[in-house]
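Report on the structure given below.
Derivation of every value follows stated rules applied to the coordinates shown; laboratory data play no part. Just so it is clear, the model here is predicted, and its values are computed rather than measured. Cβ sites come from the backbone with ideal geometry, for glycine too, and all protein chains shown count toward neighbours.
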Amino acid sequence: MEFSRWDLIMPGVHANQTLSPPPPSPSSHVGALLREWRAARRLSQLDLALEVGMSARHLSCVETGKAQPSRDMVARLADALEMPLRERNTLLLAAGYAAKYTETDLSTAQMAPVRRAIEFILKQQEPYPALVTNRHWDVLLTNDALLRLFGRMRGGPPRHGNVMRQVFDPEDMRPFVANWEEVAGELIRHLHNEVAAAPSDAKARALLDEVLAYPGIPAGWRTRDPGATALPLLTTVFRMNGTQLQFLSTFSTFGASRDVTIDELRIECLFPADDSTAEVCRSLAA
């Protein structure tokens, strides 16, 4: 499996193709979506109505399908609910309007500045690992350092092209993560929160159900703990040839994006947490 080629990003899409979000199912009318998102954000009808400058009665009518919101009102509701761009498109389509935000393949000419920025970050991270994922944790691109590291650990690239599956599958990277329970528990917390924050994201829900079906998953991970707090700093410890390598991760995103693809990109850079890990990375590069 090879992750370091741009032409493998979003396979099956031609380089000059701009994607449009699929239309919502007939049952996903705008009122139902608004109720789901309002519940996810823990807002009452009155709270949301005051935020967007409409009456609670009007909002109630929109949620029950008795009233149709204007395109401007849909945009204000999406802003108040802090919806990602993909979900904003879904809300517009459900209300009967055209989608506002494009979803453009990274291999197109108009995305060349984005590719250059990503490639620069990945190159600058050498000899330490870095990867690019989308919001569903699919690996879109890596630098050579990550391929070298994982190749040395398991004799080849990961079995899956998805970070969650890599970490949770006992036949993939899971045996090589020395502090697996700590790392996997933090990833599950993130995934639970992502599902709760985007109730209309069926793919995120399916991914959560899939990773929870792997063997050896603690029962407590199957439900979301809304009171759980994130660790102040998470170290991933890998096993390689009888030694342990410790890495800290940072995540970068593009701000103020108007394209769905860019909005969902995450760049993870792994930095050595000790001198011995840094030396191993340098020796692998040499």
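I'm trying to understand the selection: among the residues of the range 49-70, which are of a type in the set (D, E, K, R), more than 14 Å from residue 29 (Cα to Cα) and surrounded by 13 or more Cβ atoms within 10 Å (Cβ to Cβ)? Within the range 49-70, 51 is the sole residue that qualifies. The condition (being of a type in the set (A, V, I, L, M, F, W, C) and farther than 18 Å from residue 240 by Cβ) is satisfied by just one residue among 167, 139: 139. Of everything listed in (1) over 30 Å from residue 147 (Cβ atoms); (2) not in a helix (DSSP H, G or I), the single unmet condition for residue 79 is (2).
Among the residues of the range 176-192, is any small (Gly, Ala, Ser), within 20 Å of the chain's Cα centre (by Cα) and in a loop (DSSP other than H, G, I, E, B)? No: the range 176-192 contains no residue that is small (Gly, Ala, Ser), within 20 Å of the chain's Cα centre (by Cα) and in a loop (DSSP other than H, G, I, E, B). Within the range 237-274, the set of residues being touching a Ser or Thr at 6+ places or on another chain (Cβ under 9 Å), of a type in the set (S, T, N, Q) and surrounded by fewer than 20 Cβ atoms within 10 Å (Cβ to Cβ) comprises 243, 244, 246, 249.
Tell me whether the range 202-220 contains one or more residues that are surrounded by 12 or more Cβ atoms within 10 Å (Cβ to Cβ), under 26 Å from residue 123 (Cα atoms) and among the small types (Gly, Ala, Ser). No, the range 202-220 has no match at all.
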